[in-house]
1. Mind listing which trypsin sites (Lys or Arg not before Pro) in segment 103-185 are in a DSSP loop and have 13 or fewer other Cβ atoms within 10 Å?
2. In nanometres, what is the gap between the two model label sites at L41 and R210, each 7 Å from Cα along Cα-to-Cβ?
3. Considering only the chain, what is the antiparallel percent among its DSSP beta bridges, to the nearest 5?
4. Could you compute the FRET efficiency for S8 and R250, with r as their C-beta to C-beta distance and R0 at 25 Å, rounded to 0.05?
5. Tell me, what HN-Hα J-couplings in whole Hz come from the Karplus equation 6.51 cos²θ - 1.76 cosθ + 1.60 at θ = phi - 60° for each residue of segment 106-115, using x for Gly and Pro?
6. Need the full-extension length gain, R138 to K25, defined as separation in residues times 0.36 nm minus the C-alpha distance. One decimal, nm.
7. What do you get for Rg/Rh over segment 88-189 if you use C-alpha atoms and the Kirkwood form of Rh?
8. Once each part is reduced to its C-alpha centroid, what is the distance from segment 184-232 to segment 19-53 in angstrom?
Amino acid sequence: MADLVDRSALRVCADPANMPFSNDKGQGFENKIADLLAQKLSVPVIYTWFPQATGFVRNTLGARKCDLVIGFPQGDELVQNTNTYYRSAYVLIYRTDSPLAGVETLDDPRLKGKSIGVIAGTPPATIMAMDGLLGTARSFQLVVDRRYSSPTEEMMAAVANGELDGGVLWGPIGGYYAKLSPVPMSVVPLVKETKGPRMIFRITMGIRPREPDWKHELNDLIAVSQDEINAILLDFGVPILTENDEPIRR
């Protein structure tokens with residue numbers, strides 16, 4: 001199949017209401033990364049907007065309306081992955097003044113009987129079930145149209161006001177909303193779990209299969225832009241990890 005990439009612009013497939021990743025105002029960290037790449041390519045950014053739920057890839061990248069998804073988990077078969085440009089993990093979040101201070105794993109005895117928010121169907125929900133925590137947990141919906149509903153913000157508000165003792169979220173989401181919280185929050189990457197599904201993921205950019213020139217071009221861009229990409233992620237509170245699971249800081 002011929003390379004279908006439009007080189008006159010960076011054509012990005014994105015969700016119009018999915019902070020901290022993207023929105024149609026260009027305020028997400030994936031928007032900022034797209035801006036960075038476009039600047040290096042000396043082209044404008046053009047978006048195709050579609051909610052990042054069922055049918056996202058089919059109706060955007062697959063329909064050839066755009067050429068790039070800025071954030072996609074490594075190994076997802078819906079797209080061809082570029083090289084990884086960050087690693088992150090699910091995180092446990094609690095108020096900094098909480099008695100949970102120091103908890104680093106979901107099997108910590110201090111979590112027994114606590115009300116912990118979790119997004120249904122995510123890897124930590126499985127581990128919480130294994131640890132007997134779901135009986136007192138509060139489950140939040142996984143797939144929603146973020147233009148109309150934000151389970152993450154509901155969870156974080158409940159942690160802030162004391163309705164929940166803590167919450168478990170995907171790191172980029174949890175780190176961002178913890179940074180915005182009016183109540184000081186601790187964000188603990190769950191890198192020490194020893195059972196259940198993996199909690200750490202490599203994030204790449206997603207493109208169509210069989211476009212090797214575009215993949216190589218993007219891999220080169222990622223390599224020369226890595227420090228600038230890291231700075232964007234850290235500005236948004238994203239907990240990014242080395243290959244040894246140590247936090248990357250400025």
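1. Values: sites: R110, K112, K114, R138, R146, R147, K179; in loops: K112, K114, R146, R147.
Of the trypsin sites (Lys or Arg not before Pro), the ones in loops of segment 103-185 whose Cβ has at most 13 other Cβ atoms within 10 Å are K112, R147.
2. Here the answer is 2.1 nm between the modelled labels.
3. Values: 21 of 34 bridges.
Taking every DSSP beta bridge with both residues in the chain, the antiparallel ones total about 60 percent.
4. Working: r = 35 Å, r/R0 = 1.42.
Approximately 0.10, to the nearest 0.05.
5. 6, 9, 5, x, 5, 8, 4, x, 8, 8
6. Details: separation 113, 0.36 × 113 = 40.68 nm, distance 3.16 nm.
Between R138 and K25, full extension yields 37.5 nm more.
7. 0.92
8. One Cα centre to the other: 16 Å.
Each value in this text was obtained by applying a stated rule to the coordinates, not by laboratory testing. As the structure is a prediction and not an experimental result, all values here were calculated from the model. Don't worry about glycine lacking a Cβ; one is built from the backbone with ideal geometry, like all the others, and counts go over all protein chains shown.
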